[in-house]
Amino acid sequence: MRLSSYKKFLDSLGEEELRDELLRLYTKLNEVKKFYKMDMGSDKDRQRIFDKAKKEIAKKYLTKSYRKPRRPRIQKVNKILSDTKKSTVLDYEMIDIYLFTAETAVNFMREYGFYSEVLENNIARCYEKAKILIQDNLMEEEFADRIKILKEKAGWSREVRWRLERVDEGG
């Protein structure tokens with residue numbers, strides 16, 4: 001169904017039918033419930049959702065063996081990021097999640113001595129998305145310390161350091 005058809009459908013409904021339709025959407029679709037929880041909920045409600053996302057992201061980087069670490073589940077991390085982004089109301093709320101993901105990936109690389117191009121790409125992509133949101137929302141000062149620490153930790157890997165510098169240069 002196209003948006004124009006949907007608008008016509010909504011226009012044809014009376015006030016009571018429209019309320020019933022909204023309640024039906026809220027009870028049937030978890031995404032709608034999550035969206036309204038973010039939109040109308042308190043800061044604590046939103047923080048709980050972000051904390052849950054961070055916890056899920058951190059789980060995807062867990063491994064039991066230092067000798068042969070398990071590859072991080074980057075595809076699942078990207079799914080979590082995508083789902084979280086869909087439910088956020090304010091763009092800048094994603095900055096923390098993107099930086100957390102990049103920090104967790106860099107820590108994984110350092111701790112286990114694990115390097116892969118996929119992991120490098122994920123770090124660069126999350127860093128780039130965070131930088132764009134930071135610049136768009138004029139929040140450079142708020143996140144300057146975290147970015148500095150992230151770059152210092154990533155500095156041991158020449159490839160990652162080079163990718164982050166390219167993002168900073170705009171290329």
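The values are calculated or read from the model by the stated rules, or taken from the named source; none is laboratory data. If you're wondering where the values come from, they're calculated on a predicted model, not measured in any experiment. Cβ atoms come from the backbone with ideal geometry, glycine included; neighbour counts cover every protein chain shown.
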**Request:** Could you please find all residues in the stretch 48-89 being part of a loop (DSSP other than H, G, I, E, B), surrounded by fewer than 19 Cβ atoms within 10 Å (Cβ to Cβ) and touching a Ser or Thr at 6+ places or on another chain (Cβ under 8 Å)?
**Result:** Pro69, Arg70, Arg71
**Message:** Regarding the stretch 66-73, can at least one residue be identified that is at pLDDT 80 or above, of a type in the set (Phe, Trp, Tyr) and in the same structural domain as Leu133 (by TED's automatic domain parsing)?
**Reply:** no
**Request:** Inspect all residues belonging to the stretch 104-111 and state whether any of them is touching a helix residue (DSSP H, G or I) at 6+ places or on another chain (Cβ under 8 Å), touching a residue at least 24 places away in the same chain (Cβ under 8 Å), among the β-branched types (Val, Ile, Thr) and closer than 17 Å to Ile57 by Cα.
**Result:** yes
**Message:** With the structure loaded, tell me whether Ala102 is in a helix (DSSP H, G or I), among the hydrophobic types (A, V, I, L, M, F, W, C) and surrounded by 13 or more Cβ atoms within 10 Å (Cβ to Cβ) or whether it fails that test.
**Reply:** yes
**Request:** Would you please list the contacts, defined by Cβ atoms under 8 Å and residues six or more apart or on different chains, that run from a residue in the stretch 81-99 that is farther than 13 Å from Phe143 by Cβ and of a type in the set (Phe, Trp, Tyr) to a residue that is modelled with pLDDT of 85 or more and crowded, with 17+ Cβ neighbours inside 10 Å?
**Result:** none
**Complete:** Within the stretch 122-165, the residues that are basic (Lys, Arg) and either in contact with a helix residue (DSSP H, G or I) (Cβ under 8 Å, 6 or more places away or on another chain) or not assigned by TED's automatic domain parsing to the domain that holds Arg73 (or both) are Lys129, Lys131, Arg146, Lys151, Lys153, Arg161, Arg163
**Asked** Got a number for residues in the stretch 119-154 being farther than 22 Å from Ile80 by Cβ, of a type in the set (Gly, Ala, Ser) and surrounded by 14 or more Cβ atoms within 10 Å (Cβ to Cβ)?
**Response** 0
**Message:** On the basis of being surrounded by fewer than 15 Cβ atoms within 10 Å (Cβ to Cβ), in a helix (DSSP H, G or I), under 15 Å from the mean Cα position of the chain (by Cα) and modelled with pLDDT of 80 or more, does Arg19 make the cut?
**Reply:** no
